[in-house]
Amino acid sequence: MFESLRQTGFCGEIEAEAALAPLTTWRIGGPAELLASPADEDDLARALAWADGEGVPWRVLGNGSNLLVSDQGVRGLVLRIRRVLDQLEFDGTTARAGAGLSFPALANACASRGLAGLEFAGGIPGTVGGAVIMNAGWHEHEFGNRVTEVRWLDAGGTVHSFNRKECRFGYRTSRFRSDRGVVVAATIQLEEGESGRIRSQTDMFVDSRKTNQPTHLPSCGSVFLKPPGDFAGRLIDACGLKGRRVGDIQVSPMHANFFVNLGRGSADNVLELVAEVERQVRDQFGVDLVREFEYWGGEEPSVRGDQVPDLLDE
Ligand SMILES: Cc1cc2nc3c(=O)[nH]c(=O)nc-3n(C[C@H](O)[C@H](O)[C@H](O)COP(=O)(O)OP(=O)(O)OC[C@H]3O[C@@H](n4cnc5c(N)ncnc54)[C@H](O)[C@@H]3O)c2cc1C
């Protein structure tokens, strides 16, 4: 596979049987059969066309901060977008950011320019692409409210542009969570503000996490979405599950919706603990918790560009 991808003219880095655990914030998971970091958008389109033509399953990796990779790893191609496609341009109060740019780096660049609107992003350790996919947010703040346009490559390598409405942003979701393709850039609308004030608000968002969340340990952030009218952490805590452990995965004693890796935690440990917490919360409160993180394991993603849903359905 390595040689076959290289022969297409793909010029980014390629690694076979590459460890994925260090590329996720949970520090969990087996290897990728092939890990490739495209050098630019053309390179990305080349890799997608190759995978489509060869019938190779493929997935996209941002900063791995909302992701659980199976202990067996994944077959096929993993396209790593972090730190590639990471350009950033400003035009007045508009920013155009590549999908591989770090989300906190974008927030910091906006603060430095006196542009307000992304202060909440300071402590969200994803990429811009991952933040689009997940509509990353913090309480009432959501990235989708700031995004005006998303540039997206479909599984066949064709470019599409979606306005905010077409992105179908929702609570920690967007159309891109199910559509097969790659977010390559986002256009973001900001507001003029005072740089010092924006910077101190950005810092405040980061600092408030340090007192409420176990940011010193590997995790994926919140394990479950917020159930209507309640908090997953409150329900888990009320079940007496803080500190509960399966192997080296623990329900954080600091914040019950964070499951931390104490060292040698596995994906199987996570899935077992998640299932137990779901069961107990359902039994005690009748609430079905919904998982926020993505899981790479089991079923392989569909591989053909012609399986992409109709893009003209707006
Ligand atoms: C300590 C901590 C705190 C967190 N706090 C928050 C928070 O306050 N709010 C919040 O919303 N989230 C939070 N998160 C979760 C996470 O940071 C966000 O969901 C983030 O947006 C994920 O981005 P990523 O680049 O890491 O995506 P990844 O985890 O790499 O990927 C997530 C999914 O998106 C897909 N994907 C990623 N990039 C692309 C792309 N360019 N094109 C197509 N598909 C892509 C992947 O295939 C995968 O399915 C937190 C996580 C941690 C570890």
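The values are calculated or read from the model by the stated rules, or taken from the named source; none is laboratory data. Being a predicted model, the structure only gives us computed values, none of them experimental. All Cβ positions, glycine included, derive from the backbone under ideal geometry; neighbour counts span all protein chains shown. These accessible areas exclude ligands, DNA and RNA; they are computed on the full protein's heavy atoms, side chains included. Shrake-Rupley method; radii C 1.70, N 1.55, O 1.52, S 1.80 Å.
Key figures for this structure:
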read-out	value
Gap separating the Cα centres of the range 180-255 and the range 42-86, nearest whole Å	25 Å
Surface share of carbon and sulfur [accessible, 1.4 angstrom probe, percent] for the chain	46 percent
Accessible area (Å², per residue) of the chain, counting only protein heavy atoms and a probe of 1.4 Å	44 Å²
Förster-model FRET efficiency, 35 Å R0, Lys210 and Thr8, C-beta, rounded to 0.05	0.20
Estimated Rh, the range 38-86: Kirkwood, alpha-carbon pairs, angstrom	11.8 Å
For Glu294, residues with placed amide H under 5 Å, excluding near neighbours	Leu67, Leu68
Gaussian network model of the chain, springs between alpha carbon atoms under 10 Å - residue of Val184, Val206, Val78 with greatest fluctuation	Val206
Rg [Å, one decimal], Dmax [Å, integer] - the chain, C-alpha atoms	19.5, 57
Residue among Ala155, Ala19, Ala256 with the largest mean-square fluctuation in a Gaussian network model of the chain, springs linking Cα atoms under 10 Å	Ala19
Computed lengthening from Tyr295 to Asp237, 0.36 nm per intervening residue step minus Cα-Cα distance	18.5 nm
Heavy-atom SASA rank of Thr93, Thr211 (probe 1.4 Å, accessible area, largest first)	Thr211, Thr93
Distance (nanometres) between label positions extended 7 Å along Cα→Cβ at Glu15 and Leu88	2.5 nm
Accessible area in the full protein assembly, largest first, 1.4 Å probe, for Ile133, Ile198	Ile133, Ile198
Label-to-label distance, nm, for residues given as Val159 and Glu54 (7 Å Cα→Cβ offset)	2.5 nm
Cα→Cβ-extended label distance, 7 Å offset, between Arg245 and Arg75, nm	3.6 nm
Debye-sum result for the range 162-241 in log10 I(q)/I(0), which assumes one identical scatterer on each alpha carbon, at q = 0.14 Å⁻¹	-0.87
For the chain, built as a Gaussian network whose Cα springs stay under 10 Å, the top-fluctuating residue of Val290, Val132, Val270	Val290
Förster radius 22 Å - calculated FRET efficiency between Glu140 and Arg96 (Cβ-Cβ, nearest 0.05)	0.30
Residue-averaged [θ]222 nm for the chain, counting only DSSP H segments that reach four residues, each worth -39500 (n - 2.57)	-8000 deg cm²/dmol
Long-range amide H partners of Gly12 with built H, under 5 Å	Ala39
Cβ-defined net charge surrounding Asp203, 15 Å radius [Lys, Arg +1; Asp, Glu -1]	+1
Nearest-10 value in Å² for the accessible area of Arg46, using the 1.4 Å probe	80 Å²
Environment charge at Asn135 (Cβ cut-off 10 Å; Lys +1, Arg +1, Asp -1, Glu -1)	+2
